[in-house]
Structure formats: structure tokens, C-alpha cells
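Report on the following structure.
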Amino acid sequence: MKKTICMLIALAAALLAASCAFAARERVETARPASELIDERQTDIWVEGERLGEMILGARGAIQIIYVDEAMSKAIASDVSLPQWVFEMGRYYGTDPIRKKKLFIAHVDVYKPWDFDYTKVFVGEHRLRKEDILSPSMTNPFGPQPSKSEGYFAFAIPASGLKAGKEIKIGYGDYSEIWKILK
């Protein structure tokens, strides 16, 4: 009887160890680097710039907007090579203010003096409002900005307007790019 119980315990332990090893291998194989996830989730908007091949000339500034979902949030937490602003703004994922909303983080590079108006930022049909902004005012590049400055902010918009697989415009004022909502 003791032999049977010992064998059953040993068998259960072996099965548990094998399933843990298999799950860990699966997780490692399916995890994708943050840089790859960012490529799918980032849109770059050049304001007042003129495209010349792959170059942008004369831009007032550029805005990088990154969609943060669960996969991106986990990648941000585990990739120390990302810029600090990505960590700071990505931390809003999973918090109460984004319940039933989608999180986006934005980085603004200013090349020429720019009076940055966040209400000109739009995602699909949604134009940003004050209540959409999550980040503290000390990082927000709102209002007059000098040349060679930068800032960043996080915002959340209603999830209802973002249907998986749909192509939408993301932009600032008259400047926009097409982004396909992830499935």
C-alpha cells in the first residue's frame, strides 16, 4: 500500500513538473520583444513637415503615439532598454481610470516653437478632452513649447469607438496617419 501511494505521489510530481516546464517553454516561445510590439502599435505624426522620400523636412515637431494593451504592458515591464517615458506612461495600464477605455501614450518632440494644443490630438473620431489625460502636468507638453524640447503624456479614450481590425486616423490637427486597430 505504501509503495502504491509513493508511486502515485511520484507520478503526480513528475506530471506537475512536466506541465510547468511545458507552460514555461510555451510562454518563452510566444513572448515577443517590446520593439516588435511597438512597431505594430506606434504611429508617428509629423506636424507641418513635408515628406521627401523617407525624410521629413521642415516639421514643427513629431508625435509618437503608442497603443498600450496587455501584451505591450507586459513587454514594457520586462524590457529595460525602452526610454524612461515609456515606463512612466505605460504604468497606467490596468488602473481604474482606463476601465472600459484604451490606453495610449504619446511623446512629443519639438523642433520649432510650438503652441501644443492637446485638443487637436485625435484617435479615430475621438478628439482629446481634459478628462482623457491621465499623466501629471509636469510631463505634459501642453501650451507654448520652445525648440528642441520634448514631453510626454498618457491618455485613455472610450474602447467603444475602436473596433478590432478597423483602420482609423490618428493625428494632430490637419496631420494624420492611418493605423489599423489590433485584433
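Run down VAL108, VAL86 and say which single residue is more than 14 Å from the chain's Cα centre (by Cα) and either of a type in the set (D, E, K, R) or not in a loop (DSSP other than H, G, I, E, B) (or both).
Step by step, each of VAL108, VAL86 is checked, and only VAL108 is more than 14 Å from the chain's Cα centre (by Cα) and either of a type in the set (D, E, K, R) or not in a loop (DSSP other than H, G, I, E, B) (or both).
In this structure, is ILE66 in contact with a Ser or Thr (Cβ under 9 Å, 6 or more places away or on another chain), part of a strand (DSSP E or B) and either in the same structural domain as TYR152 (by TED's automatic domain parsing) or not hydroxyl-bearing (Ser, Thr, Tyr) (or both)?
yes
Can you find a residue that is at negative phi, under 16 Å from the mean Cα position of the chain (by Cα), surrounded by fewer than 21 Cβ atoms within 10 Å (Cβ to Cβ) and of a type in the set (Gly, Ala, Ser) anywhere in the range 37-54?
No; the residues of the range 37-54 include none that is at negative phi, under 16 Å from the mean Cα position of the chain (by Cα), surrounded by fewer than 21 Cβ atoms within 10 Å (Cβ to Cβ) and of a type in the set (Gly, Ala, Ser).
Please determine whether any residue of the range 167-180 is assigned to a loop (DSSP other than H, G, I, E, B), in contact (Cβ under 8 Å) with a residue 60 or more places away in the chain and surrounded by fewer than 19 Cβ atoms within 10 Å (Cβ to Cβ).
Yes, because at least one residue in the range 167-180 is assigned to a loop (DSSP other than H, G, I, E, B), in contact (Cβ under 8 Å) with a residue 60 or more places away in the chain and surrounded by fewer than 19 Cβ atoms within 10 Å (Cβ to Cβ).
Of all residues in the range 53-63, how many are at pLDDT below 95 and part of a strand (DSSP E or B)?
Adding up the residues that qualify gives 3.
Of all residues in the range 79-129 being surrounded by fewer than 16 Cβ atoms within 10 Å (Cβ to Cβ) and among the small types (Gly, Ala, Ser), which is modelled with the lowest pLDDT?
If we take residues in the range 79-129 being surrounded by fewer than 16 Cβ atoms within 10 Å (Cβ to Cβ) and among the small types (Gly, Ala, Ser), then SER81 is modelled with the lowest pLDDT.
Checking the structure you have, find out if any residue of the range 128-150 is farther than 28 Å from PRO33 by Cα, under 17 Å from the mean Cα position of the chain (by Cα) and not in a loop (DSSP other than H, G, I, E, B).
yes
Conditions: (1) of a type in the set (Ser, Thr, Tyr); (2) exposed (fewer than 14 other Cβ atoms within 10 Å of the Cβ); (3) in contact with a Phe, Trp or Tyr (Cβ under 6 Å, 6 or more places away or on another chain). SER147 meets all but one. Number of the miss?
Failed condition: (3).
The values are calculated or read from the model by the stated rules, or taken from the named source; none is laboratory data. Worth saying up front: this structure is predicted, and the values here are computed from it rather than measured. Glycine also receives a Cβ, built like all others from the backbone with ideal geometry; neighbour counts cover every protein chain displayed.
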